[in-house]
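Single-structure report; data block below.
The values are calculated or read from the model by the stated rules, or taken from the named source; none is laboratory data. Please read all numbers here as calculations on a predicted model, not as lab measurements. Note: ideal-geometry Cβ built from the backbone for every residue, glycine included; neighbour counts use all protein chains shown. For the accessible areas, the whole protein counts, side chains as well, though only heavy atoms, and no ligand, DNA or RNA atoms are used. Shrake-Rupley method; radii C 1.70, N 1.55, O 1.52, S 1.80 Å.
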Amino acid sequence: MLCGGASRRMGTDKARLRWEGSTLLARAVEALRPLCDRVLLASGERARYGDLGLDASEVLDRRASFGPLAGIEAALLAASGEWLVTTPVDMPGTGAAVFGALIDRARSSGADAVTLRSPRGIEPLVAVYRVSVCAPLAQRLLDEGQRRPVALAAALCAVEIDVAEFGEDVQSLLRNVNAPNDLFTPARGRADDDLTTGGAA
């Protein structure tokens, strides 16, 4: 899981924000846990979630300030299985149904990666990557100075799953929690009573 961002627009560590009774981080771990042998937290350049008592291991970026592609690289290098599922911590609408569909398509298609496709285009952070192929590729791209995660998916034999296949409200499924206003919706109001647990990242 990708949770190493600086959360500058939010002003506090997004992973620790509460959403429907749980932190965003714990919510994502809970969604991944039944599907994965291990849950890895790509927490950036330093470990920061040991106090939360989650059944997950933190992995650190090997390169400073290279963004989420460096987090994907760190997780790929630490992964022990054939596949790595990736998701950003700030998309609470993507859950077990999405991850399970990505994994099933990866196993049945023979592709090196399966990504979600939305009206915004490919979502390379919500994806499944074949570790043996993608780990060296991510390293090479970063060595070349590439920072955009979409470059990893573009360089692979990748399959896409359109979000429309899930039959859900696309805006809810793809919602990013990046800034304080993203914690509210006109119909719903506050995301939770306790919005800011933990300090700034």
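Filtering segment 130-153 to residues that are out of contact with any Gly (no Cβ under 9 Å at 6 or more places or on another chain) and open to solvent by 80 Å² or more (accessible area, probe 1.4 Å) leaves Ser132, Arg140, Asp143, Glu144. Of the residues making up segment 52-74, none is open to solvent by less than 20 Å² (accessible area, probe 1.4 Å), in contact with a helix residue (DSSP H, G or I) (Cβ under 9 Å, 6 or more places away or on another chain) and among the aromatic types (Phe, Trp, Tyr).
For segment 18-31, the criterion of a residue being basic (Lys, Arg), over 18 Å from Leu125 (Cα atoms) and in contact with a Ser or Thr (Cβ under 8 Å, 6 or more places away or on another chain) is satisfied by at least one position. You will find that of Thr87, Thr115, Thr23, the residue that is modelled with pLDDT under 95 and among the β-branched types (Val, Ile, Thr) is Thr23 and no other. In segment 137-161, the residues that are under 28 Å from Gly100 (Cα atoms) form Cβ pairs under 8 Å with partners that are in a helix (DSSP H, G or I) and among the hydroxyl-bearing types (Ser, Thr, Tyr), at six or more places apart or across chains, as follows: Val159/Ser109. Can you spot a residue in segment 129-146 that is in contact with a helix residue (DSSP H, G or I) (Cβ under 6 Å, 6 or more places away or on another chain), of a type in the set (Gly, Ala, Ser) and farther than 24 Å from Arg27 by Cα? Yes, that holds for at least one residue. Please go through segment 104-123 and pick out each residue that is closer than 10 Å to Glu160 by Cα and not small (Gly, Ala, Ser). Within segment 104-123, Arg105, Val114, Thr115, Leu116, Arg117, Ile122, Glu123 qualify. Being assigned to a loop (DSSP other than H, G, I, E, B), modelled with pLDDT of 95 or more and open to solvent by less than 70 Å² (accessible area, probe 1.4 Å) holds for only one residue in Gly4, Gly44, and it is Gly44. Taken together, Gly93, Gly100 contain a single residue that is small (Gly, Ala, Ser), in a loop (DSSP other than H, G, I, E, B) and touching a residue at least 40 places away in the same chain (Cβ under 8 Å), which is Gly93. When segment 171-189 is limited to residues that are in contact with a strand residue (DSSP E or B) (Cβ under 8 Å, 6 or more places away or on another chain) and either surrounded by fewer than 16 Cβ atoms within 10 Å (Cβ to Cβ) or at pLDDT 95 or above (or both), the one that is nearest to Arg105 (Cα to Cα) turns out to be Asn176. The set of residues in segment 95-117 that are open to solvent by 10 Å² or more (accessible area, probe 1.4 Å) and either under 26 Å from Met10 (Cα atoms) or not hydroxyl-bearing (Ser, Thr, Tyr) (or both) comprises Gly95, Ala96, Ala97, Gly100, Ala101, Ile103, Asp104, Arg105, Arg107, Gly110, Asp112, Arg117.
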